[in-house]
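One structure is given below, encoded as structure tokens.
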Amino acid sequence: MAAKIHPLSQVAATAELGDNVVIGPFCVVGPNVVIGDGTELISHVTIVGDTVIGRDNRIYPGTVIGAEPQDLSYDGTRTRVEIGDGNVIRECVTINRATTKEDGVTRIGNHNYLMACCHVAHDCKLGNHIVLANSALLGGHVHIHDYAIVSGNVGIHHFATVGRLAFVGGQSRIVHDVPPFMLVDGNPSWVRCVNVLGLRRHGMTGEQIGALIEAHRLIYRARMRLDHAAELLRNHGRWTEEVEHLFEFLKRQFSGRNGRAREALRRAA
């Protein structure tokens, strides 16, 4: 079924619209935009630049996707936004296209929920099944891994990484990487505990969660070196796949500048 475009919207002739796309009133869709099957722009949505949006997304009023990056060094080079399938993007969200400092793409995966007034800056990379609560603000080059939750009014420093299944408490200031499976909170933020509720909801067993709790105790309470903590966990049968993933994340983080692993990568590039 052909796209349904409200007569009060402006859609460029060269924009590519899939089947069953719905463009509500007062929307603007630019000439280099691709929108996949079943996606709906409710009203007052602006999509510009080189932007590709997948299937079955629902985008609410006031959202702007694909505008120029808020980076003073940007010189107008063509860069992109790529958004996957099944995302919900609520009112007044802004998603900026990339600079040329990485791969030229701001990318959002599948089945994410971005609540009202969130900002996803240039060159950010979001995985799948992520929740950004109201007014979460992502600086440039932020990476967020699958199933992470970022609460309301959180500000995340550029080049920071939020690990898989992490939880960031409301109004936190995130200047360091957030380890996977952990609950981080505060201004400045710190690792408080394991995200037990989130891990249970994700289906992790008591054994898996218990191993992460022990890893947290050794690293953040006893303040052991990673190699010593790893040895103890192996000796006590606590070296699970999740614990190994946590330690690999922390090794990268601690090798970076200011607690951000990808600052080291940027400096070496």
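Values in this text are rule-based calculations from the coordinates and carry no lab data. Model, not experiment: these values are computed from the prediction. All Cβ positions, glycine included, derive from the backbone under ideal geometry; neighbour counts span all protein chains shown.
The figures follow:
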| quantity | calculated |
| --- | --- |
| The chain - share of DSSP beta bridges that are antiparallel (%, nearest 5) | 10 |
| Lysines whose Cα lies under 30 Å from that of Lys125, excluding same-chain neighbours fewer than 8 positions away | Lys101, Lys251 |
| Correct choice for Cα Rg over 2.2 N^0.38 Å that was computed from the model, options [x] 1.15; [y] 1.09; [z] 0.97 | [y] |
| For the chain, built as a Gaussian network whose Cα springs stay under 10 Å, the top-fluctuating residue of Ala230, Ala98, Ala13 | Ala13 |
| Burial ordering of His129, His6, fewest other beta-carbon atoms within 10 Å first | His6, His129 |
| Fewest-first sequence of Asp37, Asp75 by Cβ atoms within 10 Å of each Cβ | Asp75, Asp37 |
| Exposure proxy ranking, count of Cβ atoms within 10 Å, fewest first, for His158, His236 | His236, His158 |
| Magnitude of the charge dipole, region 200-268, Cβ model with Lys/Arg +1 and Asp/Glu -1, debye to 20 | 500 |
